[in-house]
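K.L.:
Handing you this structure, nothing more for now.
The values are calculated or read from the model by the stated rules, or taken from the named source; none is laboratory data. Since the structure is predicted, the reported quantities are computational estimates derived from the model, not experimental observations. Here Cβ is always computed from backbone atoms with ideal geometry, including for glycine, and neighbour counts include all displayed protein chains.
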Amino acid sequence: MVYWVILFITLIVIVAFFSFGGLTGTLSAIAQLFISIFTVLLVFSLIAAILKGNKRR
C-alpha cells in the first residue's frame, strides 16, 4: 500500500516536471498516460483491499 502511494507521488512529480519544464508533446503525453493508468490501478487496488478486509471480518 505504501508502495502505491510513493509511486503515485513520484509520477505526479514527473508529470509536473514535463508539463512545466517546457518539453512539449510526446514526453508529457506519455507521462500523463502513465499517471492515468496508475491512478486507475490505485483505485482498483484500494477497492480490492477494502473488499478483502470486509470478507475477513
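K.L.:
Restricting region 16-57 to residues that are under 22 Å from residue 2 (Cβ atoms) and at pLDDT below 75, which is nearest to the chain's Cα centre (by Cα)? Spell out how you get there, then give the answer.
P.N.:
Of region 16-57, the ones under 22 Å from residue 2 (Cβ atoms) are 16, 34-54, 56.
From the residues that got through so far, the ones that are at pLDDT below 75 too are 16, 56.
Values: 16: 13, 56: 27 Å.
Residue satisfying both the conditions and the ranking: 16.
K.L.:
Under 6 Å between Cβ atoms, which residue pairs at least 6 apart in sequence (or on different chains) link something in region 28-39 that is farther than 9 Å from residue 15 by Cα with a partner that is not hydroxyl-bearing (Ser, Thr, Tyr)?
P.N.:
Final answer for the pair search is 38/11.
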